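The values are calculated or read from the model by the stated rules, or taken from the named source; none is laboratory data. Computed from a prediction, not measured in an experiment: that's the story for all the values here. Methodologically, a virtual Cβ is constructed for each residue, glycine included, from the backbone with ideal geometry; neighbour enumeration extends over all protein chains shown.
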Amino acid sequence: MEQQHEMYDVIGVGIGPFNLSLAALLDTQDVKAAFFEQKPAFAWHPGMLIEGTKLQVPFLADLVTMADPTNPHSFLNYISQQGRMYQFYILQRLDIPRREYNDYCKWASERIESCRFGKTVTGIERLEDGHHLVNVRDEGSGKEESYYTKHVVLGTGSSPALPKSLQGMPEEDVFHTADFEIQRHTCRAASSITVVGSGQSAAEAFRELLREQRTCGFRLDWITRSPGFASMEESKLNLEHFSPDYIDYFYPLPQEKKDEIFDSQGLYYKGISEHTITDIYNLLYEYSVGGEALNVGLNPLTKVTGIEQKDGGYELTCYHYQKEDTYSHQTDKVVVATGYQPNIPEFIHELADEIEFDEQGRYKVTKDYRLVEKKETPYNIFANSGITHTHGVGSTNLGLAVFRSKVIVNQLLGEEVYTVQDSYVFQSFD
């Protein structure tokens, strides 16, 4: 293993939007940093970069603007560098295409010297003096490397959650929406397709398939255990839940109460945007003109409990939980929209002698995003993702990413580089 003897101030594990925000803010500071990502280049949910979809937060929630509008890695500077400022000005939109957000982040990651792709962090060791040794594998050469650092920041994001009841099937036939654009072409030759799940990803996949249905001729069904196809709660005062003020309220609550509250807030982050529901309804309405029979099924209140290969396709076992009735559903393809789960590297559990975990095996996190240590140490491991259980519903929201980066930067530099206000919104949650 090749060992780098220079000392870094901070090493980041993973380069998604959260750690990229931190890297962008640190890029203008006197800090020796490195951020490692196993992918060969920046890619943000590539399987859902559907043309026509838009970011669910305003472009101001870019990598840096909420902390420093003058930072060279801002979205407006990206637009300017692309020579598209007048087109964007005439567009007159706060929201931007999802594909453009991905392109913006890729642009920023290529400009920031500390971002290193094709590098997989395989382990972290705590040394006797409190420093960390980070082990890294180069995906191109296979060479093992190790780096010394004071602090570590985990930003490994989330991974697709596929229920056990739908696992073990051929991936070209039964796949998560995370692979929708990758597998989309395989759906066009199918005779029937079923979308399973709820929320924005399910709705977008269903809408895209509905747009192609008349050309391709397949049967299209949507099954969800939700009571209905509910729209996301996007009223202005409810959006204040995605604020530092709500973190101040939520964080001190007992963990049992936090879990209870989070489970009740699904429509803040799992509902369907109003414009997507409208698109779907408009298509259904147009298809029904002239009394034409729709080859479409919309089935709420239903849980898929199993799957079997049958007659060249798949048989889903479905349970309607209000009628308490079990039935079978035949389909050629299954698009699974069952969300994501925190992607916690295995080596974090190897640090169990040094960091604290709760009763459900989740690491404990301080309010300022440090993993809780069993003994005091001068250097820290920060969590930049996987913290919904401690910091609440806004933890995965891009609008709070820069605030979290501000807090972490201030700790890394030991001074208030970026101002953290006492209040940001109108309401008082407590």
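The set of residues in the stretch 78-89 being surrounded by 17 or more Cβ atoms within 10 Å (Cβ to Cβ) and more than 13 Å from LEU63 (Cβ to Cβ) consists of ILE79, PHE88. Being closer than 24 Å to GLU286 by Cβ, crowded, with 19+ Cβ neighbours inside 10 Å and modelled with pLDDT of 95 or more holds for only one residue in PHE175, PHE218, and it is PHE218.
Does GLY142 fit the bill of being over 28 Å from HIS389 (Cα atoms) and not hydroxyl-bearing (Ser, Thr, Tyr)?
Working: over 28 Å from HIS389 (Cα atoms): yes; not hydroxyl-bearing (Ser, Thr, Tyr): yes.
The answer is yes for GLY142.
Out of the residues in the stretch 209-242 that are in a loop (DSSP other than H, G, I, E, B) and in contact with a helix residue (DSSP H, G or I) (Cβ under 8 Å, 6 or more places away or on another chain), which is farthest from VAL304 (Cα to Cα)? Only one residue tops the list, namely PHE242.
Taking the stretch 163-172, which residues are in contact (Cβ under 8 Å) with a residue 40 or more places away in the chain and surrounded by fewer than 19 Cβ atoms within 10 Å (Cβ to Cβ)?
Within the stretch 163-172, the subset in contact (Cβ under 8 Å) with a residue 40 or more places away in the chain is 163, 165-166, 169.
Scanning the stretch 163-172 gives PRO163, SER165, MET169.
The single condition among (1) closer than 14 Å to ASN299 by Cβ; (2) assigned to a loop (DSSP other than H, G, I, E, B); (3) within 22 Å of the chain's Cα centre (by Cα); (4) not aliphatic (A, V, I, L, M) that PHE206 does not meet is (2). Looking only at residues of the stretch 243-265 that are at pLDDT 95 or above and not in a helix (DSSP H, G or I), we find that the one that is surrounded by the fewest Cβ atoms within 10 Å (Cβ to Cβ) is PRO254. Quick one: count up the residues across the stretch 90-131 that are among the hydrophobic types (A, V, I, L, M, F, W, C), within 26 Å of LYS150 (Cβ to Cβ) and surrounded by 15 or more Cβ atoms within 10 Å (Cβ to Cβ). Here the count works out to 6. Among the residues of the stretch 383-414, the one identified as in a helix (DSSP H, G or I), aliphatic (A, V, I, L, M) and free of Cβ contacts under 8 Å to residues at least 60 places away in the same chain is VAL407. GLU212 satisfies every condition listed in (1) under 29 Å from LEU267 (Cβ atoms); (2) touching a residue at least 40 places away in the same chain (Cβ under 8 Å) except (2). In a residue-by-residue description of the stretch 192-201, the property of being in a loop (DSSP other than H, G, I, E, B), farther than 17 Å from MET48 by Cβ and within 21 Å of the chain's Cα centre (by Cα) applies to no position. Taking (1) touching a residue at least 24 places away in the same chain (Cβ under 8 Å); (2) under 30 Å from ALA205 (Cβ atoms) in turn, GLN81 satisfies each apart from (2). Out of PHE18, PHE42, report the one residue that is part of a loop (DSSP other than H, G, I, E, B) and not acidic (Asp, Glu). Selected residue: PHE42, the only one of PHE18, PHE42 that is part of a loop (DSSP other than H, G, I, E, B) and not acidic (Asp, Glu). Kindly indicate whether any position in the stretch 150-158 is in a loop (DSSP other than H, G, I, E, B), touching a Phe, Trp or Tyr at 6+ places or on another chain (Cβ under 9 Å) and either on the phi > 0 side of the Ramachandran plot or surrounded by 19 or more Cβ atoms within 10 Å (Cβ to Cβ) (or both). Taking every residue of the stretch 150-158 in turn, at least one turns out to be in a loop (DSSP other than H, G, I, E, B), touching a Phe, Trp or Tyr at 6+ places or on another chain (Cβ under 9 Å) and either on the phi > 0 side of the Ramachandran plot or surrounded by 19 or more Cβ atoms within 10 Å (Cβ to Cβ) (or both).
The criterion of at least 3 residues that are at pLDDT 95 or above is met, among strands (runs of 3 or more DSSP E) falling completely within the stretch 301-382, by 302-310, 313-320, 325-331, 333-337.
Give me a count of the residues in the stretch 53-73 that are assigned to a loop (DSSP other than H, G, I, E, B), within 16 Å of the chain's Cα centre (by Cα) and of a type outside the set (A, V, I, L, M). Working first, answer last.
Going through the stretch 53-73, the residues assigned to a loop (DSSP other than H, G, I, E, B) turn out to be 53, 55-73.
Now drop any that are not within 16 Å of the chain's Cα centre (by Cα), which leaves 53, 55-57, 61-63.
In the following step, the residues that additionally are of a type outside the set (A, V, I, L, M) were identified as 53, 56, 62.
Matching residues across the stretch 53-73 total 3.
The residue of the stretch 139-149 that is nearest to the chain's Cα centre (by Cα), among those that are surrounded by fewer than 16 Cβ atoms within 10 Å (Cβ to Cβ) and of a type outside the set (Ser, Thr, Tyr), is GLU139. Checked against (1) outside the structural domain of THR302 (by TED's automatic domain parsing); (2) loosely packed, with under 15 Cβ neighbours inside 10 Å; (3) in contact with a Lys or Arg (Cβ under 9 Å, 6 or more places away or on another chain), LYS374 meets all criteria but (3).
Summed over the stretch 117-149, the residues that are free of Cβ contacts under 8 Å to residues at least 40 places away in the same chain and at positive phi give a count of 1.
Here's the yes/no breakdown for (1) within 30 Å of LEU412 (Cα to Cα); (2) out of contact with any Lys or Arg (no Cβ under 7 Å at 6 or more places or on another chain):
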site	(1), (2)
LEU154	yes, yes
SER159	yes, yes
MET169	no, yes
ASP173	no, no
HIS176	no, yes
VAL195	no, yes
ALA203	no, yes
SER243	yes, yes
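Could you grab me the full set of residues in the stretch 55-77 that are in contact with a helix residue (DSSP H, G or I) (Cβ under 6 Å, 6 or more places away or on another chain) and surrounded by fewer than 18 Cβ atoms within 10 Å (Cβ to Cβ)? None; the set is empty. Can you give me the number of residues within the stretch 226-242 that are surrounded by fewer than 16 Cβ atoms within 10 Å (Cβ to Cβ), over 30 Å from LEU210 (Cβ atoms) and in contact (Cβ under 8 Å) with a residue 12 or more places away in the chain? Selection size over the stretch 226-242: 1.
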